[in-house]
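In what follows, a single structure is set out as structure tokens and then discussed.
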Amino acid sequence: MPTCDLRLTNATILTMDAAFSVWERSGLAITADTIVAVGDDAAGYVAAETVDCGGRILMPGLINAHTHVPMTLLRGLADDLRLDVWLMGYVMPVEREFVSPDFVRLGTGLACAEMIRSGITCFADMYYFEEAVAEATAAAGMRAVCGQTVLKFPSPDAGSFEDSLEYARDFIARWKGHPLVVPAPAPHAPYTCTADILRSCAELAVEFDVPLHTHLSETLFEVEQWRKAYGMPVVPWVKKQGLLDAHVLAAHCVHIDEGEMRTLRNARAGVAHNPSSNLKLGSGVAPVTKMLDAGLAVGIGTDGPASNNDLDMFEEVRLAALLAKGTSGDPTALPARDALLMATRMGAQALHLADLTGSIEPGKRADLILLDPGPLHNLPHFSREPLAIYSRIVYAAKSTDVTDVMCNGRWLMRGQRLLTLDETALADAARDYAKRIDAFLMHREESILRKLVAIGGAVEEESFEVQVKARVPSAEPVLAALSSDEIAVIKSKRYHQYDTYFVFEDSSHGRLRYREDEFLDEQGRVTGFRARLTLTGQAREAEFGSVLLFRSRYLAPATHSRRFYREYFKPVDEIEVDKERRRWLVAYKGVEFYVHLDRLKNPPDPGFFVEVKSRTWSRRDAQDKAAIITELMRLLGADADSTIRDGYVDLVS
Ligand SMILES: [Zn+2]
């Protein structure tokens, strides 16, 4: 009689093999990390140890095809926000401050505990300090494709793209051939990488013969941007960069067309479908049925716990099946068995691990779970229809029905008790991180300036300025004065200014002005565009007659949209002011001043406004300039009693 290390008996075995064989009251034989016999063949084995499965369902461990496991520590940090506000406003600033090998190790431990409990034995990850993810995963006994993130901007683990590529190379060289962990490069996405980065990552993956993990076509915005910039959607563009030379695992693919599906299939790329995350972030629903029809290997993933917010594959599989029906109006779309296939054997194929895991077959690693079919929500059981067992699992079973989990021949959970992880210690450490992250964000949220600095790009500069503003009935006297010999015009500009003032409850924060400048030529045609953000915490330092001395403003180029800033800063009110501005840099009595001649468009105003201002460095200098400004204003036709004490906001509100 043949021998083996372990026999599992008395189980209903869902093999998920090519024939979808199911064995009733049967067993399997395992030696070391490998399944050696299944069903009737296993009965003849003499085992060192035999475990009676008590009539439970034995099936392949589930495969989470796309996630960012350390982000368990950011779960629930900021929700119900748009993708850019969530990512740029909250997640990335917190990551810059907190992500370290320690953070990553702890987050991975938490995630592994949660995933084992929900019957997952294998996952595809993408994060920073991926070596620490790999270490924690191996310690927990789980299988994973661990993707080291590569980005075009500095990240928590690399100052530059060259650094992160070097880190990825090192990591891959050291972990290649590990029994549980498959290392991989993970260029984050086309819009966060350059063509060079994508090419280098693909070359690295090919050189070491490892998969490559990335995000593709997650949002319609991304695809539209690509069409505008390159005249093609994302998939053909990444193919041009050589990305598809590697064994790609592409997360999302929510917005790809049938041509792109064929391109991915021909490149033998795998796709990870992330229904919860795509719904939660409002990205849409991936065309799963079409992808399957095109012959693509599509797995199912939870995505990171900051955008899901859990790592429950039972929920994910059920949602995948329901969405395919709901969006097509066809209840026969994506039947239960096919949905479960995506979470097992086809998921393994998408991860390029099909020879190792994903089904219960001789020669594959012993990655399996036991499910208790007994809880009320699974009852009763019908045996007339052979597919009923799949629909019970997909539509009714819950992750809490998982009682036992084995990965690579090693038990990770027995009778719902975790064997490789200390849940209490993990939970305590996670609570501690949450406290520190809360404190960091609360401190930041107290100040508009700190929030501005947190999203990057804010140039903090203190400045002093003398200025005066006056209403004038017409432009002619101003223009006449500027063409006189007394005032030397150094340069001039015209533009349309669209200002939005964000007003905050606590007025001591100042006001945040989002300004879009459209530069105009002499004929009034638009020649350029600029967007800037100015925090005017304007404090009036002194007054010299009608001339005022102001201090402090913080300038930043506005790299996001007005909508982004509105959702990020949450002002209590907004005031819009649109105007046509002519601006001159002039010299008068040996001093340089800016002269503005404004005409308000919104709110409309028949008059004109003249403003004269100059940078200043000392009180003495301010006083001297104030005297000259007063003269200059008279010359421009603005007398002292037409001056205005406040800016446009106060004027129009
Ligand atoms: Zn993701």
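Brief remarks on what is shown
- Residues in the range 43-94 that are among the basic types (Lys, Arg) and closer than 30 Å to Asp17 by Cβ: Arg56 alone.
- Tally of residues being away from the ligand (no atom under 15 Å from the Cβ), open to solvent by 20 Å² or more (accessible area, probe 1.4 Å) and either assigned to a helix (DSSP H, G or I) or among the hydroxyl-bearing types (Ser, Thr, Tyr) (or both) across the range 189-225: 13
- Selection count, the range 412-428, where residues are surrounded by fewer than 17 Cβ atoms within 10 Å (Cβ to Cβ) and not polar (S, T, N, Q): 9
- For the criterion of being among the polar types (S, T, N, Q) and either modelled with pLDDT of 90 or more or farther than 28 Å from Ile490 by Cα (or both), Thr536 fails.
- Evaluation of Ala229 against the conditions (1) more than 23 Å from Asn278 (Cβ to Cβ); (2) within 13 Å of the ligand (Cβ to nearest atom) shows that the sole unmet condition is (2).
- Flag for Val69 being open to solvent by less than 10 Å² (accessible area, probe 1.4 Å) and either among the polar types (S, T, N, Q) or within 16 Å of the ligand (Cβ to nearest atom) (or both): yes
- Checked against the criterion of being in a strand (DSSP E or B) and out of contact with any Asp or Glu (no Cβ under 8 Å at 6 or more places or on another chain), the candidates Val478, Val489 yield just one match: Val489.
- Residues satisfying the stated conditions in the range 247-278, i.e. open to solvent by 10 Å² or more (accessible area, probe 1.4 Å) and among the small types (Gly, Ala, Ser): Gly259, Ala267, Ser276
- Test for Thr108: is it within 15 Å of the ligand (Cβ to nearest atom) and not hydrophobic (A, V, I, L, M, F, W, C): no
- In the range 309-342, of all residues being open to solvent by 20 Å² or more (accessible area, probe 1.4 Å) and within 19 Å of Thr400 (Cα to Cα), the one that is farthest from the ligand (Cβ to nearest atom) corresponds to Arg318.
- Single residue of the range 83-97 satisfying the filter (open to solvent by 20 Å² or more (accessible area, probe 1.4 Å) and out of contact with any Leu (no Cβ under 8 Å at 6 or more places or on another chain)) that is nearest to Arg436 (Cα to Cα): Glu97
- Selection status of Asp303, open to solvent by 30 Å² or more (accessible area, probe 1.4 Å), within 17 Å of the chain's Cα centre (by Cα) and within 15 Å of the ligand (Cβ to nearest atom): no
- Highlighted here are the strands (runs of 3 or more DSSP E) found entirely within the range 541-653 that include at least 1 residues which are modelled with pLDDT of 90 or more, closer than 30 Å to Asp79 by Cα and open to solvent by 30 Å² or more (accessible area, probe 1.4 Å): 573-588.
- Any hit, the range 167-185, residues being within 16 Å of the ligand (Cβ to nearest atom), in a loop (DSSP other than H, G, I, E, B) and open to solvent by less than 10 Å² (accessible area, probe 1.4 Å): no
- Among the numbered conditions (1) over 23 Å from Leu212 (Cβ atoms); (2) modelled with pLDDT of 95 or more, the only one that Asn309 does not meet is (2).
- Subset of the range 457-498 (residues that are within 29 Å of Val85 (Cβ to Cβ), modelled with pLDDT under 90 and open to solvent by less than 40 Å² (accessible area, probe 1.4 Å)): Ala458
- Scope the range 99-134; condition in contact with a Leu (Cβ under 8 Å, 6 or more places away or on another chain) and open to solvent by 20 Å² or more (accessible area, probe 1.4 Å); matching residues: Leu106, Leu110, Glu114, Arg117
- Contact map, the range 550-578: first residue farther than 23 Å from Met88 by Cα, second residue among the aliphatic types (A, V, I, L, M) and assigned to a helix (DSSP H, G or I), Cβ cut-off under 7 Å, separation 6 or more or different chains; pairs are Ile575/Val649; Ile575/Val652; Val577/Val652.
The values are calculated or read from the model by the stated rules, or taken from the named source; none is laboratory data. It should be emphasised that the depicted structure is a prediction, and the values quoted were computed from it without experimental measurement. As a convention, Cβ positions derive from the backbone with ideal geometry for all residues, glycine included, and neighbour counts pool all protein chains shown. What goes into the accessible areas is simple: the full protein's heavy atoms, side chains included, and nothing from ligands, DNA or RNA. Shrake-Rupley method; radii C 1.70, N 1.55, O 1.52, S 1.80 Å.
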